[in-house]
1. What list do you get for TYR162, TYR138, TYR64, TYR98 if you sort them by fewest beta carbons within 10 Å?
2. Going by a ≥ b ≥ c, the root eigenvalues of the Cα gyration tensor, does region 135-200 fall in the rounded group (a/c under 1.5), the prolate group (a/b larger than b/c) or the oblate group?
3. Arrange the following residues from fewest to most other Cβ atoms within 10 Å of their Cβ: PHE187, PHE330.
4. What does the charge count around ALA317 come to, taking other residues whose C-beta lies under 14 Å from its C-beta (Lys +1, Arg +1, Asp -1, Glu -1)?
Amino acid sequence: MRHALCSFLPCAFLGVLAALEGVADARDPHGVSGPQGISNVEDLLRRARQARDAGRWVEAEAAYELSLKAADAAWTTDAERAEIAAELGLCELALARYRDAADHLAQSLRKRDALRSGLAKRAEEGLKKAESRVVTFYLGVSPPDAEVFVDGKALGRPAPTYELFLEPGHHTVRARLDGHTEVVSAFDGQAGKDSSLTLKLPRAPERGAPGAVGAGPARPVDPAAWPADSAARPANPAARPALPLTALRIGGAALATAAAAAGTVFLLRADVVHDNLAERDVVLRRRGWTSSTCWWPNAPSACAEIRDEVAERDRFATLGKVALATGAVFGIATAASFLAEGWLLDETPVRGGVQVAPSTTGTQAGLVLQGVW
């Protein structure tokens with residue numbers, strides 16, 4: 001009995017360890033995270049580079065794709081993920097998978113400053129070659145939180161604009177949102193050509209409103225049936241002078257867009273400098289640096305460079321915030337002009353011409369412009 005008990009305990013202990021390992025695998029799709037995840041990424045990258053150097057493109061493409069998925073779950077930097085995406089896109093280009101290659105190369109070039117100059121140049125040349133074989137499709141959606149499908153496939157997280165790479169041929173785009181009428185459009189794309197489309201989802205008519213489902217047909221009103229008193233007659237919109245707001249609205253929208261673009265550029269530059277400082281901090285701490293090293297009387301010369309980069313980061317961040325705030329002011333003023341027109345003229349603003357409407361989501365804000373310029 002004692003011998004059986006001694007044999008049972010090790011087996012039970014091993015069973016518990018196996019169960020815990022299974023739970024860890026279920027929580028982490030790649031089986032590793034943190035420093036161990038970085039080691040897994042490095043192993044996959046080593047295999048991918050060996051296959052790439054040997055010309056085994058299929059094996060290299062599979063290894064790079066696995067390493068990119070593992071990098072998203074591990075503690076890797078934007079520069080490392082951009083480099084993996086660039087190498088993956090170049091492998092897909094060698095395999096004539098032009099649409100996938102364009103996706104990954106464009107993804108890597110969004111962090112162009114983080115790429116090595118040689119790799120960045122190869123990625124740019126590869127993207128040009130891939131774009132000559134696919135359709136570059138620019139899609140705008142209003143409201144921006146609508147769910148969008150291209151050829152029946154959902155695009156994922158809603159956004160006001162999309163940049164997509166599609167195979168040449170016929171494509172169907174569909175957008176839907178609760179409380180709005182679903183919109184469907186189609187287009188034919190040609191290889192090497194850009195295509196653009198804007199989908200605006202109108203609000204669904206309320207029940208009981210004229211033209212709504214279940215409501216009776218609206219009856220025309222005879223102007224002769226109105227009383228002779230001119231005050232009781234409906235006003236003639238054509239007889240009222242139009243306010244000179246169109247030029248101001250166009251200028252306000254242009255200023256808001258320019259300020260928002262400048263603010264975005266400044267903030268992106270500040271983010272790049274911040275990432276560089278973070279990577280340098282990791283390297284210096286491995287060398288024995290601490291937070292007080294630069295305060296020593298004989299501080300290393302690198303401290304001056306670090307202070308300059310911190311000042312540069314703060315300067316660009318401040319400029320970006322000021323530019324975005326300025327753009328928001330112009331955008332709000334432009335949108336408010338429509339309300340002001342309706343209040344001053346006591347009527348609904350004219351629907352023709354240029355229309356500007358604010359558009360916001362949980363993480364983005366902007367303006368939607370429609371009309372003839």
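Coordinate-derived values only; no laboratory data. No experiment lies behind these values; they were computed from the predicted model shown. Reconstructed Cβ throughout: ideal geometry from the backbone, glycine too, with neighbour counts over all protein chains shown.
1. Values: TYR162 17, TYR138 13, TYR64 27, TYR98 21.
Ordered from fewest to most neighbouring Cβ atoms within 10 Å, TYR162, TYR138, TYR64, TYR98 come out as TYR138, TYR162, TYR98, TYR64.
2. Since a/c reaches 1.5 and a/b is larger than b/c, the shape of region 135-200 is classed as prolate.
3. The order, fewest Cβ neighbours first, is PHE187, PHE330.
4. Spelling it out: positives minus negatives among the neighbours equals -1.
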